[in-house]
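Student: I have a structure here, written as structure tokens, and I will follow up with some questions on it.
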Amino acid sequence: MLYKELKSTIDLREDKLRIMAVGSRIFVTSFQLAGVEGIKVESASEALEHINSLDNVSDVGLVLISEDIGKDIRTQLTNIRANRPIPLIFELPAPGSTKENVDYRALLKQILGV
């Protein structure tokens, strides 16, 4: 019985979600070489506009945004994360950037409204 329930759950997940990269030309091109779609942006506000437009797209499951652009709109991204579980928005270091520490505990508290 458990096998049939598990199989039916897996069958429902047949639809595949896409990954989208948002960032500078170098950031996006790097992911495009790996087969990931991308949107090249010049500013943080332009990136936020594109991420908000993904609200109408149901097959994007993960958005990778370059950290240099994401840091300017981090509060807005946190609000989006709190209101929409999908797509998952993940910031990655931009090519040539220095490592930045992120306080995930504070980020989680902000998302949960604690």
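The values are calculated or read from the model by the stated rules, or taken from the named source; none is laboratory data. Just so you know, these numbers come straight off a predicted model, no measurement behind them. All Cβ positions, glycine included, derive from the backbone under ideal geometry; neighbour counts span all protein chains shown. Please note that ligands, DNA and RNA were not included when accessible areas were found on the heavy atoms of the full protein model with its side chains. Shrake-Rupley method; radii C 1.70, N 1.55, O 1.52, S 1.80 Å.
Student: Based on what the data block shows, is Ala94 of a type outside the set (D, E, K, R), in a loop (DSSP other than H, G, I, E, B) and surrounded by 14 or more Cβ atoms within 10 Å (Cβ to Cβ)?
Tutor: Here the answer is yes, as Ala94 does meet what is asked.
Student: Mind counting the residues in the stretch 51-69 that are of a type outside the set (A, V, I, L, M, F, W, C) and closer than 15 Å to Arg25 by Cα?
Tutor: The number of residues fulfilling the criteria is 3.
Student: Moving on. Could you grab the pairs with beta carbons closer than 7 Å, sequence gap of 6+ or different chains, first residue in the stretch 58-82 and closer than 14 Å to Arg18 by Cα, second one in a helix (DSSP H, G or I) and open to solvent by less than 20 Å² (accessible area, probe 1.4 Å)?
Tutor: Close Cβ pairs satisfying both conditions: Val60/Leu54; Val63/Ile51; Val63/Leu54.
Student: When the stretch 31-57 is examined, which residues are found to be in contact (Cβ under 8 Å) with a residue 24 or more places away in the chain and either open to solvent by 60 Å² or more (accessible area, probe 1.4 Å) or of a type in the set (D, E, K, R) (or both)?
Tutor: Correct list: Ser45, Asn52, Asp55.
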